[in-house]
Amino acid sequence: MNEQRFLIKAVIKKSDEMIYFSQIDLGLVLERALRRAELPLYFTQGFRPRVKLSFSRALKLGVEGEEEVTFYFSKNITPQELQEKLKKQLPHGLTILKIIE
Amino acid sequence: MIDFKLFQHPQRYIGNEWNVIKKSHNKRIPICLCYPDSYEIGMSNLGLRIIYSLLNDSDDIVCERAFFPGEDFNNFLLNNNQKLFSLETKTPLANFEVLGFNFNYELNFVNFLYILSLAKIPLFSRARKDLIVLGGGIANPESLADFVDVFYIGEFEAGTASFIEVLRKYKDKKSRLEALCEIEGFYVPAFYSAELKNDKYEFNKIYSYAKLPVKRTYVSNLDKSHYPLKWLTPHTAIVHDRVPIEIARGCPNRCTFCQARAMYYPYREKKAETVCRIIREIYKNSGYENFSLLSLSSSDYSQIEELIDILFAEFKQKRIGLALPSLRADDILGKLYSKLHLLRKTSLTVAIESANDSLRNHIGKKIDIKKLFETARLIRTFNLKHIKLYFMIGFKEETEEDLRAIGLFLEKLNQETHLSLNVSINVFVPKPFSLREDATMAEKDTLLDKINIVKNGLPKRRSINISISPVEKSILEAIISRADRKFSSVILDVSKASCNNRNAAGNWLIWQEAMSKNHIDCAAYLKAETINFPWSFINTGLPECNLKKHE
Ligand code: SF4
């Protein structure tokens, strides 16, 4: 399947209670937040498709930190739309600091 | 503030799940639901979620949660002289007005007492001044009668409103318990005496307004009953990491060893339309990527085909997984065949119980094995990882041939499906309220012999994984589930032992020691009886229960 995909990169900050969540947990939290935000999601292929995301590096457990996350969508959405819709769905301690591209 | 990164799985203690409910305690009645097992297991329990959401629906109630802590967190509390607290507002459990405990698994009874002691709350009901300990999910409450102030016998959704009413109206423990015992489903053990006289249990009221027999209650309209739509969504993986959507409660079948059919009697369904509405709402609120349809026997659900069609169409686009546990083997071939490969399901579960037709009939299990083999070729097309199979042994009428048949059956199934088989062999435990509550539990040596016969007949193939439930653990489950009030001293001793040894509750020798110290003859609990049990004061509402009472 050659579905079109659209990328948006953002910097996400992990703080407060969210510092106790691992990198794997973070993927899960973002996936569910994106689903709740009803954005046009792009999924991985295979038997158990997941919402596609990629991270620049893994954040350490237990400390505050920032990292770059790449979001993939099946339709072209504006960075503003992502920021507005996702913000409402993120738990306390996860913040979108800025959109890169 | 505690530094949670000191602990393994710090997520267990944070209480910041999506949709968590945090209210101030000011002018509210605080209730804490405590689960006597780990966070990951407790959060997979639907009952806990229903009651959490239902209680919090009342503005003047604040309901929070606590779980059995991990070893490191437990040591931290002990070393720092801190008391166990709730997840949401980190309030010590002793500061709640009510603690609700789920007692659906006997071996967790010890954890219950341990939680109380970790919270520095007196263990005995009579020693507690104001705090009320409420117990639910239990079949036979007698072994905990000294520790629990009031049990709810049946489905708590049916009693929640009256429970809240009583808490609002009365403020001290005595008047609260007196008011509760007049309401159907609430059982206050201190208001009854239960004595064994000439081998017969005699139940009497001590408080004249208490009800006898105690009637089990249930939700009459499952379709309209409360469902936790604001699904508490952990930011981490839990044991069954999918949202269970209850499509039916109870079971129309009559497997004789089964306790669940009595605990969830009668059989009720939610309409497919309601199920879909609930799923849509929960998806919107949680973003969960996996759902499962929950019932004791999904094949019996009258709108199953329709429901799968609707859900599959909706889920495909959004890549939501749907699992359908508890299927009957014959349905794979029949009406559900065309639907099944629509599901993203990696295993198939068949509770077959016995490989022998006549024994299966005897224990009431309706499965057509011939059909299962006819299905074998179809099963191969399903893209399954493996098949899970459940067997049960330890019945009186079972022969050596029956036991050997298990191995032959597995070999044949493995050959015909080319799939790996995960096989659980469980020991029959005559649980209260099952149709065989009056059966004698097989003795340890007999069971070990039977297991050996099964083992010798098993094919040696790498693709067949067998797990056999430990005999001593099953006997222990039988003893605790069938025990009377005297047994509380044993549970107390084992819970004390678990302060130094976290695995005490699973250690047969520790139980045995506690039983002999307290002069408990466990064989008495396990011998065949007719109608005279420690739990005979409860009326489940099942037809056979009413029959017996009139005999
Ligand atoms: S074991 Fe039998 S009676 Fe019990 S829930 Fe399963 S099908 Fe129903």
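The values are calculated or read from the model by the stated rules, or taken from the named source; none is laboratory data. Everything numeric here is computed off the predicted structure, so don't read it as measured data. Ideal geometry is used to build each Cβ from the backbone, glycine not excepted, and the neighbour counts take in all protein chains shown. Keep in mind that these areas ignore ligands, DNA and RNA; they rest on the heavy atoms of the full protein, side chains included. Shrake-Rupley method; radii C 1.70, N 1.55, O 1.52, S 1.80 Å.
Laid out as a table, the results:
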| quantity | calculated |
| --- | --- |
| Region B:413-468 - percent relative contact order, Cα under 8 Å, separation 6 or more | 58 |
| Cα-Cα P(r), region A:1-71, percent of pairs per 5 Å interval | 3, 15, 25, 26, 16, 10, 4, 1, 0 |
| Whole-Hz ³J(HN,Hα) from phi, Karplus 6.51 cos²θ - 1.76 cosθ + 1.60, for region B:514-519, glycine and proline x | 5, 5, 6, 4, 9, 6 |
| Paired Rg and Dmax values of the protein assembly as shown, which use every Cα atom, in angstrom | 26.0, 84 |
| Virtual spin-label span in nm between B:Asn465 and B:Lys370, 7 Å along Cα→Cβ | 3.4 |
| Karplus-derived 3J(HN,Hα), 6.51/-1.76/1.60, for each residue of region B:233-241, Hz, glycine and proline x | 10, x, 8, 8, 6, 10, 4, 9, 7 |
| DSSP-loop trypsin sites (Lys or Arg not before Pro) across region A:1-44, with at most 10 other Cβ within 10 angstrom | none |
| Calculated FRET value between B:Lys473 and A:Glu101, using beta carbons and R₀ = 45 Å, to 0.05 | 0.20 |
| Antiparallel %, DSSP beta bridges [both residues in region B:28-107], to 5 | 10 |
| B:Leu78-A:Glu84 pseudo-label distance in nm [points 7 Å out on the Cα-to-Cβ vector] | 5.6 |
| Interface size B-A, as summed buried accessible area [1.4 Å probe, Å², nearest 100] | 2400 |
| Radius of gyration, Dmax [chain B; alpha carbons; angstrom] | 23.8, 67 |
| Per residue accessible area of the protein assembly as shown, 1.4 Å probe, in Å² | 43 |
| Net charge over other residues, Cβ less than 13 angstrom from the Cβ of A:Pro40 (K, R count +1; D, E count -1) | +4 |
| Reachable lysines from A:Lys13, criterion Cα separation under 23 angstrom, eight or more residues apart if same chain | A:Lys52, A:Lys60, A:Lys85, A:Lys87, A:Lys88, A:Lys98, B:Lys5 |
| Options A:Gly46, A:Pro91, A:Leu34, ranked by Cα towards positive dipole end of chain A, top entry (Cβ charges) | A:Gly46 |
| For B:Phe96, residues with placed amide H under 5 Å, excluding near neighbours | none |
| Phi-based couplings in Hz for region A:77-83 (Karplus 6.51, -1.76, 1.60; Gly and Pro marked x) | 10, 7, x, 5, 4, 4, 4 |
| DSSP bridge pairs, region B:243-469: antiparallel proportion in percent, nearest 5 | 5 |
| For B:Ala323, residues with placed amide H under 5 Å, excluding near neighbours | B:Phe291, B:Ser292, B:Leu293 |
| For region B:462-483 versus region B:100-117, the gap between their alpha-carbon centres in whole angstrom | 20 |
| Computed [θ] at 222 nm, helices only, for chain A once each DSSP H run of length n ≥ 4 contributes -39500 (n - 2.57) | -8000 deg cm²/dmol |
| Residue-averaged [θ]222 nm for chain B, counting only DSSP H segments that reach four residues, each worth -39500 (n - 2.57) | -10000 deg cm²/dmol |
